[in-house]
Structure formats: structure tokens, C-alpha cells
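The values are calculated or read from the model by the stated rules, or taken from the named source; none is laboratory data. This structure is a prediction, so every number in the text was calculated from the model and none was measured. As a convention, Cβ positions derive from the backbone with ideal geometry for all residues, glycine included, and neighbour counts pool all protein chains shown. SASA here: full protein model, heavy atoms, side chains in, ligands and nucleic acids out. Shrake-Rupley method; radii C 1.70, N 1.55, O 1.52, S 1.80 Å.
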Number of protein chains: 2
Amino acid sequence: MNIEAEWMRGGTSKCWVFESGQFGDTETSPDALLPRLFGSPDHRQIDGVGGATSTTSKAMIVHRPADDDIDVEFTFAQVGIEEAAVDWGSNCGNCSAVVGLYAIEKGWVTPTSDITRIVTRNTNTGQIIIQRVSTPAGALPIVPQAEMPGVPFPGYRVGLGFQDPAGKTTGSLLPTGSAAETISAGGTRWTASLVDAGAPVVILRAEELGLDPERYDSWFAGVELQLETLEQIRRQAAVRMGLAATTSEAARAIPKVAIVAPPAQSDAGSDVSVMMLSMGKPHPALAITGSIALTLAARTPGTVLYDITEHNLRPTLRLRTPAGVIETWSEEKDGSLIIGVDRTARTIATTTIHLPETLDNTVDASLAGATR
Amino acid sequence: MNIEAEWMRGGTSKCWVFESGQFGDTETSPDALLPRLFGSPDHRQIDGVGGATSTTSKAMIVHRPADDDIDVEFTFAQVGIEEAAVDWGSNCGNCSAVVGLYAIEKGWVTPTSDITRIVTRNTNTGQIIIQRVSTPAGALPIVPQAEMPGVPFPGYRVGLGFQDPAGKTTGSLLPTGSAAETISAGGTRWTASLVDAGAPVVILRAEELGLDPERYDSWFAGVELQLETLEQIRRQAAVRMGLAATTSEAARAIPKVAIVAPPAQSDAGSDVSVMMLSMGKPHPALAITGSIALTLAARTPGTVLYDITEHNLRPTLRLRTPAGVIETWSEEKDGSLIIGVDRTARTIATTTIHLPETLDNTVDASLAGATR
């Protein structure tokens, strides 16, 4: 069996893009087919197209829905490496950035001006993402030239606009009804903003944790010393947001924790310093979903982030992270609020993947032993 | 620019196979083109086809020579990951296994019987490798079924026969003229066989190092305690083999050291227990070149390996390594000695790789700034 796929880079991920028509009944369902195409289960994925890391074992399944309002509908698949399984539980912001470019390259959407707008819908989350791809004079440049942090080669600029991202998990932007809560943990009272946009996030003030806004490079070490208290805060926040019934039942992955402070005086290139915690540890980067939550919090009076950014509220917000500055943008249009972030994307290769085995392991007995 | 390539698994490596006609002048020389296609320099190779590990950042360049005696000539390229550079210094045994299968799949060689014989020549080393691919009833089976250690999915069985591999580095199988030398190091005298076949290897007896043949699983720890003495032996061997003028000038990578013993009495599945040292450390596996050297040593009277295997010399030799048993075979034909090892290979995908940039970074100034 041969399967057609485009191998694309979206942001800092590599993604295999399949059209949904190639998947069908049980035997060719993506749950069965994707792990085998990727070479799973195998920690090296040596017999398949997977890259043996979480950011290179990803697939996108795309199709053109009948719905006129949506140009492309897409489903993200995190393909297991050591397990022959697919996780459909979330979207990937980086891989999302390939969808608009794919639609243009395949002729599904025809560029007509300097920016081509592609309305996409992610089926994992229900999130509508309005993508804007640079098409100067109505065409993709032959040589893409847009740069982004973490990628040493240029790609096509893709703006990802998350339409009305608030409350997708809990039903509202501020699930407790308040922009700032007081949480007691480790013998101290902490100010926390509990926000649901893109993903549920608990936002804390760096100063309360004794972290110096002027010395951002000291935060890693300072955060490491307070992980236990931070985890207590996070679990209480999970309960208040309605994500868990008790603190002991709170999930490891959500909500995430973000620690924020005004930028250092020497840092003219950002509006806020951020350190994210993911799975209990300080994280060098910022997931796209996290940047959406912080951007909406920065626009919401009363949050700990609004206090930092209100004097400087512009359509763009520049978030300092250990891995570099992430810039987000906001706009209101036709009654919707769109929060966006820019990525770059590029098609690495056009491929036909060969799948010799039948998936149910039925083999022609006459071939058995036909080896040297 | 578009470049056609087959993405193939050869043994436990992934290899990108290019036909040489796609490379030409300076701008399209493989030294310039391969690193960019692979996404180098970048420790993640996120914008290219490289897999960001040494076993997944490999290329083969193949062509059909005018020479009637050779079906396919191939050049191995180890593509740098953090450096935009290509190492042409050696061949890769695993990737070699894709060449015969490629020739059959492209119709360069037509199968006529149950085994198709493809004569290949590696240009990095000058080594002729006679490949035998299983083609029952004169065709590749639709479903490949051959298994090998380290690869969880089946492939096509490929036998790699190294023709007259002795002396490719030093000029002779036994560069000192003797099958066993005595080397003094660490206050003791050691028996060593210095052999050049596939690669230069120093072979030592496990018993002399106090390693118990009946307790193979204790060797790792026992070898770790004697690394300094082993390095002294290795450096003296390098001088005696003519690979270095003085012990201090001996290279890190060659010669390699192999420690051998009769198999444990409980081990009916091997003919010899082997532990290889690579770059100063015990290695869990055995490079194909190392297995060729040991096989030729086992056939050569007077070597420390001949003493172990002479009572049991068969056309095949089973080498116990921590990663599993490697089986080699030997045959004499038309005045040549062929030492072989079996691998499996498979084509993962047929691809067109997209290279948007011009390599000299000349860009159309009218496109500058054409980003969102």
C-alpha cells in the first residue's frame, strides 16, 4: 500500500500531512496506520518516517469540509514512539502553521492579494484558527524568507489567529469569576490569576516568589527551590477552576503555571518577562497555547498581567522567555476577538510512503522462509 | 530546486539515497547540497530530512559505472548535524545494504533466480561488496519478511559479501607478519592478534584480562576497570601495525580493540563471545567492519581467535555481543575470499525534497520584507 504525504515543518516541529481520504475502514484507520507508517513501537522509529522525538512524531490529517465558512478542517495526531498508539487529545500550535500553506500549495485556496486568509478549524479542540500567509502580489514567493526563533532556516510567514479562544476548556475566561484569587500555600498567601484561553493557566507574580525582575537569568534557580509550593498552588487552582474535584486529583499537565514580571529595565525588546512551568519543571520556551492565555490575561483588567502591561497596551505583546521573545497580536473583527502568534512553515518533501505489510499481519504462507 | 531521493532503511540505519546525476558544479556539489537538504547546521535538523542522530543523518550516492564488472558504484556520506559538513572518510556497513535493493527496485538489475547477485563497489574504501538479495521465483516478495536484531519490523534479506577485505588499510591481513604478538603494558605481557580486514582490530584474550568466559554479563564491569591498560595496548598495536609513528600519535578511532573468549558452556547459540571497545569504551554492539575482521582472524591459524574456533570451523561464525548474536559467513569463489554478513533493508518512502533557497544566499531584493 502506498500513502501520499507532504512532510512539512511548522514552527519548531516536523509534521506529516495526510489527506483524510486515504484513511477508511478499520484496517486503514489512522489509529492503525499512523503508528506503522512512523515505525512505532520502536524508540528509534528506525523502520518508518517518525523522528523518534515528540516534536518529530506528529501528523496532521486535513480535508475540505462541505461547510462554506471553513476552508480546511484539520486533526492533529501525536503519534506514539514506544507505543503503537495515537493521542488525539490536543492540538499542536506549531503543526497548525502548516495547514494554510498546504491549502495554498495544493490549490485549495487561491491567493488574491498580499496576504491570503485561510479559515481553518481544528477538530481536536473545536478551535477556529484564521491563518494568514504572506503572498506578495498574490503568490507565494519562490524563496521564502521569514525567520523565527529556534529555526535556523527561513520559511513562509504564517499568522495563526485563534478566534475567541476564551473558555474552551472550562466555559469562561475567568472560571472563578474573579481576575485575581488569593491562594494559601507553604505558609504564605499568593496572588494568582486563573485564566482559560488556549489552555488553562495559573499566572503568578515573580516578586511574590522572591524573583528579581531585573535578573531574569536567576529565575531558573529561584523557581527550582520553590517547586513544591508552586505545585500546591497549581493543584488548588485546578480545583477552583473546576478542572479537578480535589487537589490530589489534579492532572499533571493542566493547568500550567506562568510566572510573570515587568521586563528588566535593560530589556527594551519585551513587554513582560515570563517563565512557564510544564509537568512540574521550569520550561525554556512557551507553548503557543500558553502565549494565547497570557495575551488575553494582559487585556483583562484585574489580572496580575494587566497590572504589568496596562501602561503599554498595544496590539502586540512581546513575551520574554528563556528561548527568546514571542510576539503575539490581538484584533477585534466582526464581533470576534482574535489572538494571534506568528510562525514560519515550509514543505520539506513531497513523499509516497511505502507500507509493504498488511496491517493484520496476514502473510502469504508461500513466501515464508523465502530468505537467504 | 527539487531533488529526488529514496528514503531507505539499511540494517539499523536510515539512509537517503541519491543518484549522482543530481549533483554537479560547485553550487550543487554534495558537500554544499547535502547539509542543506538535511537541515544542518542545527542540532535538531528541524528544517530538513536529517534525523538528528548519527545513524539517521546518512546519505548514499549511487550510479551505474561504465565498468561492466560492477553493477552499482556507491559513495557513503556521513552528513554533519551541528556542522554544515560531510564526512567522506569511511563506508557504513548498514547503509551499504540498501544498494542492491535499490538496483533491483529501479530496474538496474533484473532478478532471474531465487537470489539476485549485485556487484557493488564502495568508492570511500575501494571495497567491492557482492550483495545477494532474496528474490524467490525471480521477484522481490510483495511482503518482505526477513527479521534482524535491532529492527522491530521485517525487511528484505540482503547478504553483504566483502570481497578480499584483508589489508585495505595497511596492505596486509597481518601487518606485523605474525598472527600473535606479545605486548607489555601495565606490568604484564599480553597476547594480541593485530588484524587488518574491514578495519584494523587488536584482538585480546578475555582470560588474560581476568574475565570469566562463563560469566559474559560480568565483562562490562571487568573491562571498565582496565581501560587504561587496554588503551596502552591499543596504542602500542597502532605503532606495530604502522598506523602511527609513536604511541602518543595513535588515533582515537583506529585500531579498535576486541576481547574474545570461547562461548559459555550454557551458550549453544554462538561460537565466540566478543566485547568490542570503541573510542575507549566497551561497546554494546559490533560494527560490520569489526565482524569482518574477526571472521577473517577466526580463519587464520595462530590468531587468538583461531585457537577458540578451530575445533568448530564452519562456513558461518556466530559472534556473541551484548546486543545479540551476529552471524557471518565465508566463501571462496573464483580465487577470491568473500566474508559476509546479512542485514535487512526496505524502502521507507519515495520522495521529492524541496530546496527553496539558492545555496549562495542570493535572494531577490524585491522579496525582502515580504512578510507579515
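The condition of being among the aliphatic types (A, V, I, L, M) and open to solvent by 10 Å² or more (accessible area, probe 1.4 Å) holds for only one of B:A237, B:A251, that being B:A251.
You will find that of B:A298, B:A293, B:A287, the residue that is under 18 Å from the mean Cα position of the chain (by Cα) and either open to solvent by less than 20 Å² (accessible area, probe 1.4 Å) or of a type in the set (D, E, K, R) (or both) is B:A293 and no other. Across segment A:193-221, the number of residues qualifying as in a strand (DSSP E or B) and either small (G, A, S) or open to solvent by less than 10 Å² (accessible area, probe 1.4 Å) (or both) comes to 11. Can you pull out every residue in segment B:64-116 that is part of a helix (DSSP H, G or I) and open to solvent by less than 50 Å² (accessible area, probe 1.4 Å)? Within segment B:64-116, B:G93, B:N94, B:C95, B:S96, B:A97, B:V98, B:V99, B:G100, B:L101, B:Y102, B:A103, B:I104 qualify.
Residues in segment B:118-144 that are within 14 Å of chain A (Cβ to nearest Cβ), crowded, with 17+ Cβ neighbours inside 10 Å and outside any loop (DSSP other than H, G, I, E, B): B:I118, B:I130, B:Q131, B:R132, B:V133, B:S134.
Among all residue pairs at least 6 apart or on different chains, which show Cβ distances below 8 Å where the first residue, located in segment B:282-293, is in contact (Cβ under 8 Å) with a residue 60 or more places away in the chain and the second is polar (S, T, N, Q) and assigned to a helix (DSSP H, G or I)? Here the result reads B:I288/B:N94; B:I288/B:S96, each pair linking segment B:282-293 to a residue that is polar (S, T, N, Q) and assigned to a helix (DSSP H, G or I).
In this structure, A:V158 does satisfy being in the same structural domain as A:I128 (by TED's automatic domain parsing) and of a type in the set (V, I, T). Is it the case that A:Y102 is farther than 19 Å from A:S330 by Cα and within 11 Å of chain B (Cβ to nearest Cβ)? No.
Within segment A:35-53, can one find any residue that is open to solvent by less than 30 Å² (accessible area, probe 1.4 Å), at pLDDT 95 or above and more than 12 Å from chain B (Cβ to nearest Cβ)? Write out each step before concluding.
Pass one, segment A:35-53, residues open to solvent by less than 30 Å² (accessible area, probe 1.4 Å): A:35-40, A:42, A:45-51.
Narrowing further to those that are at pLDDT 95 or above: A:35-40, A:42, A:45-51.
Remaining after also requiring more than 12 Å from chain B (Cβ to nearest Cβ): none.
Scanning segment A:35-53 turns up no residue that is open to solvent by less than 30 Å² (accessible area, probe 1.4 Å), at pLDDT 95 or above and more than 12 Å from chain B (Cβ to nearest Cβ).
Considered as a group, the residues in segment B:209-231 that are under 20 Å from B:D271 (Cβ atoms) and among the acidic types (D, E) include one that is nearest to the chain's Cα centre (by Cα), and that residue is B:D217. Taking the criterion of being farther than 30 Å from A:P35 by Cα, within 14 Å of chain A (Cβ to nearest Cβ) and either open to solvent by less than 40 Å² (accessible area, probe 1.4 Å) or not β-branched (V, I, T) (or both), the residues of segment B:301-333 that qualify are B:P315, B:E327, B:T328, B:W329, B:E331.
Take A:P149 and decide whether it is out of contact with any Asp or Glu (no Cβ under 6 Å at 6 or more places or on another chain) and over 25 Å from A:G24 (Cα atoms). Yes; evaluated as a whole, the condition is true for this residue.
Residues of segment A:146-192 that are within 14 Å of another protein chain (Cβ to nearest Cβ) and open to solvent by less than 50 Å² (accessible area, probe 1.4 Å): A:A146, A:M148, A:V151, A:F153, A:P154, A:G155, A:Y156, A:R157, A:V158, A:G159, A:L160, A:G161. I need the full set of residues from segment A:164-192 which are within 17 Å of A:E228 (Cα to Cα) and not in a strand (DSSP E or B), in order please. Scanning segment A:164-192 gives A:G186, A:G187. Contact map, segment B:240-264: first residue in the same structural domain as B:L294 (by TED's automatic domain parsing), second residue of a type in the set (V, I, T) and in a loop (DSSP other than H, G, I, E, B), Cβ cut-off under 6 Å, separation 6 or more or different chains; pairs are B:R240/B:T176; B:M241/B:T170; B:G242/B:T170.
Of everything listed in (1) surrounded by 15 or more Cβ atoms within 10 Å (Cβ to Cβ); (2) at pLDDT below 95; (3) within 13 Å of chain B (Cβ to nearest Cβ), the single unmet condition for A:N361 is (1). Among the residues of segment A:22-34, those identified as outside any loop (DSSP other than H, G, I, E, B), open to solvent by 10 Å² or more (accessible area, probe 1.4 Å) and within 23 Å of A:A97 (Cβ to Cβ) are A:Q22, A:P30. Criterion first (surrounded by fewer than 18 Cβ atoms within 10 Å (Cβ to Cβ), not basic (K, R) and not assigned by TED's automatic domain parsing to the domain that holds B:L209) does B:S336 satisfy it? Answer is yes for this residue. If you check A:I348, A:I254, A:I259 for being under 30 Å from A:L34 (Cβ atoms) and modelled with pLDDT of 95 or more, only one passes: A:I348.
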